[in-house]
Amino acid sequence: MDRRQFIFSGIALAASASLGISLWQHSLQPDTDNRHWVLAALLPALLYGVLPQDPTLAQQQIARTQQAVSDFMPYLPLRQQQELHQLFNLLANRLSQLGLTGQISDLPELSVMQRLELLQRWRDSYLSLLQQAYHGLRELLYGAYYGQSEHWQALAYTAPRFR
Amino acid sequence: MTTNHLDASQFTQHQQFDTDIVIIGSGAGGGIAAEQLAQAGVKVLLLEEGAYYSRDDFVMQERWAYPNLYQEGAARKTRDQAIGILQGRTVGGSTTVNWTTSIRTPQPTLNYWHSEFGLNFTGDNDLTPYFAKAEQRLNIHPWPIPPNANNAKLQQGCEQLGWQYSVINRNVNGCANLGYCGMGCPINAKQSMLVSTIPAALALGATLISRISVRQLHWQGNSITSLTAVPVDQYFQPRTDIKISIRAKHYIVAAGAIGSPALLLRSNLPDPSGRLGKHTYLHPTVISGAVFDEAINGHSGAPQSIYSDQFVWPDNSEQAGFKLEVPPLHPVLMATKLIGHGEAHAALMQQFNHLQVTIALLRDGFHPQSQGGTVQLDDAQQPVLDYPISDYLWQGMRQALLAMAELQFAAGAKQVLPIHHDAKLYRSWAEAKTAIQSLPMQKLKQTVVSAHVMGGCNMSADPAKGVVDQNGRHHQLQNLSVFDGSILPTSLGANPQLTIYALVWRNCQQLISML
């Protein structure tokens, strides 16, 4: 177990003790609902300024990005997949989320600006765990969003077609 | 696809193969070896963990290319997540996805290997004829077309400042100047192993097995006796339901500088020098973006056509040298590397077509404070590279950020953005210089990437200082060779493919003469 897993485990165990359930055992397992719930909360912040104003269109782009994340994750090493599952599961759990965000409110209850501040706090955290969470999520989510040709309008970029 | 190709993921029961030579990995090392040995008339079995794609599969989209053609979906990271590593995992290895830059091993690097590792590449061992053979085989020539704007800015900056620069030699034939080399060449112009040596080896009777992961070499005394492999699933994860056993007279490991040491470590091979999996080098690379008034369109045109060696071999040996190049600019590559989030990131992405990007590749492995990284195995027995960044390297990176900003302003940049998470767009060289001098050089704050993995099974004349000898033969096991970038005892100070081609070509001639 490396330092990152150790800290994650500590947060999970603390939450488990409070809840009296074995959160730690379950936290490494994939949970699609938790992942979707967390991404639905973080994507509007990360993509603030690029998502369309129209809520329906924005929702379509978020859904497409969530799907791209789901499609991509199985290609990662199992070790990294487990870390991501754990991060999503912990963020979706109110008590463990408190340990990661310092917020007692659920992520979706925060304003977009508060979610942006949260990302900034992770980025600047003295805990390398939170810095890694920031960079890991950032790269995963931006990769998923900008990998979709439907999202290239703002870049004035089109891939060549000659076949 | 040829009938000499087997897709291991289609196997429905355990398999056993016998051959003269088995080659594990089909990149720059394995690809050259397959053709050389097939030409010598020996029975060759070539194994590749990735899939066997052809030009029709290469759709020029990152969302397909990264998961299907790269190790760990192009999201490979060092243990502490501080360095991102681009490395191929497909038939042809990194040669299928590299940016075609072909540079001979710099003489000072060979000199260093001679003095530190007793490796003598002069006289009968001169690599020059092998560089020439590889250049002829893979159509390596100076790029005759004017550079795209991204490369032209590197050239113009050098001209303004009086810095050295060179036109890059590329391994292409009939290149249409598209700019999508990193996603697999859609017109077979790039002379990767996928379209050159591997089809030639198959035509000579070699067999290729794709989607196979070699888990262990079995050994007794001073010989490898067999190997065990498994198929990979649709996500390239090793499966456990089917076992493949292969027996050969000679075993060539060419799984890349992370994969090869990992296989030897999994197999508990003798390691009396203590250097197996150690001293892995990366050419740690830092990035500088620049906004220009005119369109740059860095996605279009040969990705690399100009480099500068102004700073590779500094007079002061306490300074880390670095090579200046540019990368191709595509949406995912840009979005994941540009700094910030929310509106700030969106605003940078909107300048996509006006961004010029320069990279500086540090020459690691030539200083006591630059001893590289260590390949380790995780719980699933998969490799993970631990690469601590020393103060010597951080200071080299700061010098590199300074040089790139100076160059970009000299080339006419309106604003320069060092890719560091505490940096911002600077409007003048003076402003950038002051800011860069005070940026905290710390992991995760300073973005570091690598596209060149080297070392981990280093060659040396003395068995006490390396894993293999000068011919790539394992010092302890008589029927084992390592033929890939993992045998390099330091980084190169140049893009590695041509060095690997020449070394392996030469090593194959040695091996054939002894079979």
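Just tell me how shielded B:287-300 is by partners: mean number of partner chain Cβ atoms within 10 Å of each residue's Cβ, no decimals. Could you put the intermediate results ahead of the total?
Details: counts 0, 0, 0, 0, 0, 0, 0, 0, 1, 0, 2, 0, 5, 2.
Counting other chains' Cβ atoms within 10 Å and averaging over B:287-300 gives 1.
Cα atoms only, chain B: Rg and Dmax in Å?
Cα only, chain B: 22.0, 67 Å (Rg, Dmax).
Using only helices, what value at 222 nm comes out for chain B when you add -39,500 (n - 2.57) per DSSP H run of length 4 or more and divide by the total residues, to the nearest 500 deg cm²/dmol? Let's see the in-between values first.
Numbers: 12 runs with 135 residues, N = 515.
Roughly -8000 deg cm²/dmol at 222 nm, from the helical runs in chain B.
Averaged over A:42-51, how many beta carbons belonging to a partner chain fall within 10 Å of each residue's beta carbon? Show your work: numbers first, answer last.
On the way: counts 1, 0, 1, 2, 4, 5, 6, 9, 8, 1.
Mean shielding count: 4.
Using the per-residue mean of other Cβ atoms lying within 10 Å as a proxy for protection, in what order, highest first, do the peptides A:57-63, B:321-327, B:44-50 fall?
Values: A:57-63: 15.4, B:321-327: 25.3, B:44-50: 27.3.
By packing density, highest mean first, the sequence is B:44-50, B:321-327, A:57-63.
Determine the distance separating the Cα centre of the stretch B:345-403 from the Cα centre of the stretch B:179-255; give it in Å without decimals.
29 Å
Let me confirm one metric for peptide B:437-443, namely the mean number of other chain beta-carbon atoms within 10 Å of its residues' beta-carbons. Provide the component values of the computation, followed by the final result.
Details: counts 0, 0, 0, 0, 0, 2, 3.
So the per-residue partner count for this stretch is 1.
Based on the mean of other Cβ atoms within 10 Å per residue, sort peptides B:486-495, A:138-147, B:505-514 so the most packed one is first.
Details: B:486-495: 26.7, A:138-147: 23.7, B:505-514: 18.4.
Per-residue Cβ counts within 10 Å, averaged per peptide and sorted highest first, yield B:486-495, A:138-147, B:505-514.
Any idea what the dipole of the protein assembly as shown comes to, in debye rounded to 20, about its Cα centre with Lys/Arg Cβ at +1 and Asp/Glu Cβ at -1? Intermediate results must be reported in sequence, preceding the final value.
Details: 47 positive and 49 negative charges, 62 e Å.
For this selection, approximately 300 debye.
Only the coordinates and a few stated rules stand behind these numbers; no lab work does. Fair warning: this is a prediction, and the values are worked out from it, not measured in the lab. Note that we place each Cβ from the backbone using ideal geometry, even for glycine, and neighbour counts take in every protein chain shown.
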